[in-house]
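The structure appears right after this line, and notes come after that.
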Amino acid sequence: MINNEEEKKHNLNVLLQLTQINLKQKPALFMVLFNTGSSEVLIEGDLVFPKTRNALYCLNNNCFWKKNSNNIVEIPYIVTYNNKLVIANAMSTFHSKTCIRFVARSTQSDYISIENKDGCYSSLGRTGGKQVVSLNRQGCVYHGIHELLHALGFYHEQTRSDRDKYVMINWENISPDMAQNFQKQNTNNQNTPYDYGSIMHYGKTTFSIQPGLETITPIPDETVEIGQSQGMSNTDILRVNKLYGC
Ligand SMILES: [Zn+2]
């Protein structure tokens, strides 16, 4: 997710990359990269759209991580990222608030690999095999939680199926090559309220064609704050627990 301050700071340009990933369920995926304008690619939005359906509605729940007999959802991981404290902090919230447990990988075939690549990105949900969660040092070290939520199967909040009741998308202010990030998805909202304070919500001026122009305006009260990068909101936590039956 991107908030206004970060957006100003990084003056993001954007690169849209269509990526076909060979998954067990073989959806086509979009991966969205956000370029800083420097030689380093910086990603925060990092979306993955199955072409068939929302990940939260995947067939046979194959895009979710499996719960074990102890009602714990273990997600094996390896880390090549050099700031392991950031990773540990991101994971600790899941461990204390949900039944998700990130465990050091031994021989498990499905796992996440946390790397410091060019940008910040993650697949949407469990893809099968190794899947990279990239946390670029300059761009998203504070967003480890955001990326991990993508890996669990969560979209950006402003793409929720019912978002038009809560936000107005100002298409004329959106960089054309980033418009995909604002497309509404067929999401499973799990009877949870629209959450302006979700860590998965974009900020008001994310991907604006011009600094300060709003791409997302909350309705009916346009003064409501949207987007944050501090941590999971209560609703974010609730959704993890609902989706994974914690
Ligand atoms: Zn994202």
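The values are calculated or read from the model by the stated rules, or taken from the named source; none is laboratory data. No experiment lies behind these values; they were computed from the predicted model shown. Cβ placement follows ideal geometry from the backbone for every residue including glycine, while neighbour counts extend to all protein chains displayed. Protein only, heavy atoms only, side chains kept; ligands, DNA and RNA dropped before computing areas. Shrake-Rupley method; radii C 1.70, N 1.55, O 1.52, S 1.80 Å.
Examine the range 120-131 for a residue that is open to solvent by 10 Å² or more (accessible area, probe 1.4 Å) and modelled with pLDDT under 85, and state whether such a residue exists. There is at least one residue in the range 120-131 that is open to solvent by 10 Å² or more (accessible area, probe 1.4 Å) and modelled with pLDDT under 85. A count restricted to the range 67-77 and to residues that are open to solvent by 60 Å² or more (accessible area, probe 1.4 Å) and either touching a residue at least 12 places away in the same chain (Cβ under 8 Å) or in contact with a Gly (Cβ under 8 Å, 6 or more places away or on another chain) (or both) stands at 3.
Checking each residue in the range 191-213 for being more than 16 Å from residue 160 (Cβ to Cβ), touching a Ser or Thr at 6+ places or on another chain (Cβ under 8 Å) and open to solvent by 60 Å² or more (accessible area, probe 1.4 Å) picks out 209, 211. Among the numbered conditions (1) in a loop (DSSP other than H, G, I, E, B); (2) crowded, with 19+ Cβ neighbours inside 10 Å; (3) touching a strand residue (DSSP E or B) at 6+ places or on another chain (Cβ under 8 Å), the only one that residue 232 does not meet is (3). The residues of the range 100-119 that are in contact with a Lys or Arg (Cβ under 9 Å, 6 or more places away or on another chain), away from the ligand (no atom under 16 Å from the Cβ) and open to solvent by less than 10 Å² (accessible area, probe 1.4 Å) amount to a single one, 113.
Residues that are touching a strand residue (DSSP E or B) at 6+ places or on another chain (Cβ under 6 Å) and part of a loop (DSSP other than H, G, I, E, B) within the range 75-119 comprise 80, 81, 99, 105, 108, 117, 118, 119, listed in sequence order.
Taken together, 138, 185 contain a single residue that is open to solvent by 10 Å² or more (accessible area, probe 1.4 Å), within 16 Å of the ligand (Cβ to nearest atom), assigned to a loop (DSSP other than H, G, I, E, B) and modelled with pLDDT under 90, which is 185.
Filtering 72, 78, 112, 100 for residues that are outside the structural domain of residue 186 (by the TED database), closer than 30 Å to residue 183 by Cβ and more than 15 Å from the chain's Cα centre (by Cα) leaves a single hit, 100. Among the residues of the range 154-177, none qualifies, meaning not one is surrounded by 14 or more Cβ atoms within 10 Å (Cβ to Cβ), under 29 Å from residue 68 (Cβ atoms), free of Cβ contacts under 8 Å to residues at least 40 places away in the same chain and away from the ligand (no atom under 14 Å from the Cβ). Among the criteria (1) within 30 Å of residue 208 (Cβ to Cβ); (2) touching a Cys at 6+ places or on another chain (Cβ under 9 Å), the one residue 152 does not fulfil is (2).
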